[in-house]
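Here is the structure we will look at, set down as structure tokens.
The values are calculated or read from the model by the stated rules, or taken from the named source; none is laboratory data. Just so it is clear, the model here is predicted, and its values are computed rather than measured. Please note: Cβ atoms are built from the backbone with ideal geometry, for glycine as well, and neighbour counts cover all protein chains shown. Ligands, DNA and RNA are stripped out before the accessible areas are found, and what is left, the full protein with its side chains, is counted by its heavy atoms. Shrake-Rupley method; radii C 1.70, N 1.55, O 1.52, S 1.80 Å.
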Amino acid sequence: MTDSKTSLKPLQPTLYELAEDGHSLNFFFAQCGACGGLSFPANAPGCMHCGSPLSEAQRVTRPGGGELLEFVTLHVPLLHGMAAPSIAGDIRIAPGIVEEGVMAVGDETALRHGMTVRAIAEMKPEEGVYACRFVPVNEGAAQ
Ligand SMILES: [Zn+2]
């Protein structure tokens, strides 16, 4: 094994970075100085909760993941480089913040509404980047 994966760059460097375990992703949020709420992405112009400008907001790094709200299998790639079929999900990554993500599972039978998922890196060494994917956190764990 080489540590070449650490030389890969995030596909969306304003949104996430590789965590210390070399596999999970941390997401970047902005914490509003007025109401304390988190906004995503961290470079959003205003707080998603109270509308205050975020120019002075503190940047917060948290493990990426959340609650899987909805998911759907896409049989046509929506984005360049996206495999088809693939499963897209709506994930609540923080209170009041729902983002769309790609689920790294074989099919929908691995997924349930309301389950907890976490963000991992999908390494694309041929492109020099890693992308964000979501997987269930409860693999092998009791519910
Ligand atoms: Zn606010």
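Data table
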| item | result |
| --- | --- |
| Dipole magnitude (debye, nearest 20) for the stretch 4-136, charges at Cβ of Lys, Arg, Asp, Glu | 220 debye |
| Net charge of Cβ neighbours under 11 Å - reference Asn26; Lys, Arg +1; Asp, Glu -1 | -1 |
| Candidates Thr73, Thr109, Thr14, ranked by Gaussian network fluctuation over the chain, Cα under 10 Å, top entry | Thr109 |
| Accessible carbon and sulfur surface of the chain relative to its total accessible area, %, 1.4 Å | 53 percent |
| Column: log10 I(q)/I(0), Debye, Cα scatterers of the stretch 26-143, q = 0.12, 0.15, 0.23 Å⁻¹ | -0.50, -0.75, -1.23 |
| The chain, relative contact order [Cα under 8 Å, separation at least 6], % | 22 percent |
| Net charge contributed by nearby residues that have their C-beta within less than 13 Å of Val98 (K/R +1, D/E -1) | -4 |
| Distance in nm between pseudo-label sites at Thr116 and Thr61 (7 Å out along the Cβ direction from Cα) | 2.2 nm |
